[in-house]
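See below for the structure under consideration.
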Amino acid sequence: MSRAAIRYAKAIIDIAKSSGKSDAVNNDMKSIVTAITESPELKHFLTSPIIKMEVKKSAISEIFSNVQAETNSLFHLLFENKRFEILQEIAIQYNRLFDESNGIEVAKVTTAFPITPELETKVLAKIGEFSNKKITIHNIVDPAIIGGFILRVGDQQYNASVASKLSELKREFSN
């Protein structure tokens, strides 16, 4: 994680808070992360040293044409400092700082299949046992766990996966 990305994110969150638009800018940052994550071409475009900064700036302004003025000022700053390659990192850091400042904790829930509303309810109940913060669930799909779920909140982990139960049984039988 680049220190520059953290500094940019802190600056933008301060600007967004002072203008009362930190929620809207957070949504901008989420859409930036999603767009870059889902498009390897966009990621390559932003990190390519061959593509001129002017081209990058006009493309980014076009792609994210409906963003807040604060987000546009970030684009301009990245253009001035020739740092478009860290845009995704900045957006990720902004989202993290936003969540932190609003008492929201992200719970990473790994499941074999996309999370269902029933499982989400169970997971939120489990989280309620050890955290009193507002929780946002981030679902990671990993078929290797076979079934159940693995919950990670901060530095705590709760493993209720079928794969872990099987390896426990395997250990018991091998002793």
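Taking the Cβ of Q88 as the centre, find all other residues whose Cβ is under 15 Å away and add up their charges (Lys, Arg: +1; Asp, Glu: -1). If you can, show how the numbers build up before the last one.
Values: positive: K30, K43, K56, R83, R96; negative: D28, E38, E41, E85, E89.
Net charge in that neighbourhood comes out at 0.
Along the Cα-to-C-beta direction of Q156, a point sits 7 Å from the Cα; which residues of segment 75-114 have their amide N less than 11 Å from that point?
Hits in segment 75-114 for Q156 at 11 Å: none.
Any idea what % of Cα-Cα pairs in the chain are farther than 26 Å?
Tail fraction, whole percent: 44.
So who's got an amide H within less than 5 Å of the one on A160, skipping anything under 5 residues away but keeping other chains? H placed 1.01 Å off N, in plane.
When sequence neighbours closer than 5 places are left aside, the close amide H contacts are F149, I150, L151.
Tell me, what is the Rg over Rh of segment 23-105, with Rh the Kirkwood radius over Cα pairs?
Value, to two decimals: 0.97.
Cross-link list K21/K82; K82/K134; K10/K108; K30/K52: which exceed 29 angstrom alpha carbon to alpha carbon?
Result: K82/K134 exceed 29 Å.
Put +1 on the Cβ of every Lys and Arg and -1 on every Asp and Glu Cβ in the chain; which of Y8, S22, T37 then has its Cα farthest towards the positive end of the dipole?
Of the listed residues, the answer is Y8.
Hey, what do the phi angles of segment 158-172 turn into as Karplus ³J(HN,Hα) couplings, whole Hz, using 6.51/-1.76/1.60 and θ = phi - 60°, x for Gly and Pro?
Result, ordered by residue: 10, 10, 10, 8, 5, 4, 5, 5, 5, 5, 5, 4, 4, 4, 4 Hz.
Can you send over the carbon and sulfur percentage of the accessible area for the chain, probe radius 1.4 Å, protein chains only?
55
If we count trypsin sites (Lys or Arg not before Pro) as exposed when they sit in a DSSP loop and have at most 12 other beta carbons within 10 Å, what is the longest stretch of the chain that avoids them all?
Working: sites that count: K52, K82.
For trypsin sites (Lys or Arg not before Pro) (loop position, at most 12 other Cβ atoms within 10 Å), the longest site-free span of the chain is 83-175.
Report, by chain and number, residues whose modeled amide H sits under 5 Å from the one on A107, excluding near sequence neighbours (fewer than 5 apart, same chain).
Residues meeting the amide H criterion: T136, I137, H138.
With charges only on Cβ, +1 for K and R and -1 for D and E, what is the dipole size of the chain about its Cα centre, in debye, rounded to 20?
So the dipole magnitude of the chain works out to roughly 320 debye.
Which whole-Hz couplings ³J(HN,Hα) result when phi for each residue of segment 28-36 is put into the Karplus expression 6.51 cos²θ - 1.76 cosθ + 1.60, θ = phi - 60°, listed in order with x for Gly and Pro?
With coefficients 6.51, -1.76 and 1.60, one gets 4, 5, 4, 5, 5, 4, 4, 4, 6 Hz.
Express the accessible area of the chain per residue in Å², computed with a 1.4 Å probe while the remaining protein chains stay in the model.
60
The values are calculated or read from the model by the stated rules, or taken from the named source; none is laboratory data. Every value quoted in this text rests on a predicted model; they were computed, and no experiment measured them. Backbone-built Cβ (ideal geometry, glycine too); neighbour counts: all protein chains shown. Remember, those area values only see protein heavy atoms, side chains included, never the ligands or the DNA or RNA. Shrake-Rupley method; radii C 1.70, N 1.55, O 1.52, S 1.80 Å.
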